[in-house]
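The block underneath contains the structure these notes are about, expressed in structure tokens.
The values are calculated or read from the model by the stated rules, or taken from the named source; none is laboratory data. As the structure is a prediction and not an experimental result, all values here were calculated from the model. Cβ sites come from the backbone with ideal geometry, for glycine too, and all protein chains shown count toward neighbours. Just the protein is used for accessible areas: all its heavy atoms, side chains included, with ligands, DNA and RNA removed. Shrake-Rupley method; radii C 1.70, N 1.55, O 1.52, S 1.80 Å.
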Amino acid sequence: MNAFFAFINSSVGKKILMSLTGIFLCTFLVEHLAGNLLLLKKDGGEAFDAYAHFMGGNPIVRTLEIGLFAIILIHIINGTFIWFSNRRARDKRYASYKLEENTTFQSRMMAVSASLVFVFLVVHLAKFWVPARILGEQNLSSLVYATFRQTFFVVFYLVALVVLSYHLRHGFQSAFQTLGWKTKRYGGLIEFIAVLFWLVIPIGFAIIPLYIYFYGGSAVAMMR
Ligand code: HEM
């Protein structure tokens, strides 16, 4: 156990933890997008509400949800530690050459994008998760349709998804480097999977507010 904590405390251990928690969070995005795409079904939001009801009432899903929040927290706290220890290490070095400047810019942008994704998550959870899981909202689809008929929220979600896409793109790059997955043999496949995550999934999410904004979401849910 001590050896495990010593490893997690080392700089390589922290980077591996960052990569593994990041990859886990990406798998959540796949499930989350699949469920949310039910909002596009023209059935008055019935399929989405049934899915949300199942997710909210199933004890296994609720336990996994606690795990998900724990992993989000670990990812944030560990990332903050890495950022500060990198900065401290950089401050100690005097020589500044191009590579160093590039690395500094990349890691600064990762910290900025991470902070913006965090702000998005807080707003997002307050908007949907609190009503669904804490306040017992039954017509979650109506709440989502009502939200995405407002220009402010559509723009907010689109900007957040661009930032998320940036964060995933560079996060994947550094995760592959850390885990040593960029081999000649599997490089192409790994690159393909990365594109699915940083490009296809954010586009999939973006379709939801855009579709609801321009086509009104489900006509039946609008009348509720
Ligand atoms: C337009 C796209 C999105 C819609 C319509 C949406 C909708 C929802 C809804 C209705 C909930 C609360 C109930 C439930 O879990 O089903 C929720 C929870 C959540 N969302 Fe989203 N979401 C979107 C995008 C995102 C993105 C891009 C992220 C991550 C960056 C995200 C992260 C979460 C998390 C962590 C939860 C709480 C965990 C959970 O209950 O499953 N969502 N979302």
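Dividing the mean sequence gap of close Cα pairs (under 8 Å, 6+ apart) by how many residues the chain holds gives a relative contact order of 35 percent. Highest-first packing order for the peptide set 158-169, 178-189 is 158-169, 178-189, based on the mean count of other beta carbon atoms within 10 Å. Over all other residues within a Cβ to Cβ distance under 13 Å of Tyr215, the charged ones net out to +3, with Lys and Arg as +1 and Asp and Glu as -1. Based on protein heavy atoms only, the chain ends up with 62 Å² per residue of surface accessible to a 1.4 Å probe. Computed on protein heavy atoms with a 1.4 Å probe, the accessible areas place Ile193, Ile134 in the order Ile134, Ile193, largest first. By the equivalent-ellipsoid construction on the alpha carbon gyration tensor, the chain comes out with semi-axes of 36, 20, 17 Å, ordered largest to smallest. With a threshold of 32 Å on the Cα-Cα distance, the over-threshold entries among Lys42/Lys127; Lys41/Lys127; Lys14/Lys41; Lys41/Lys182 are Lys14/Lys41; Lys41/Lys182.
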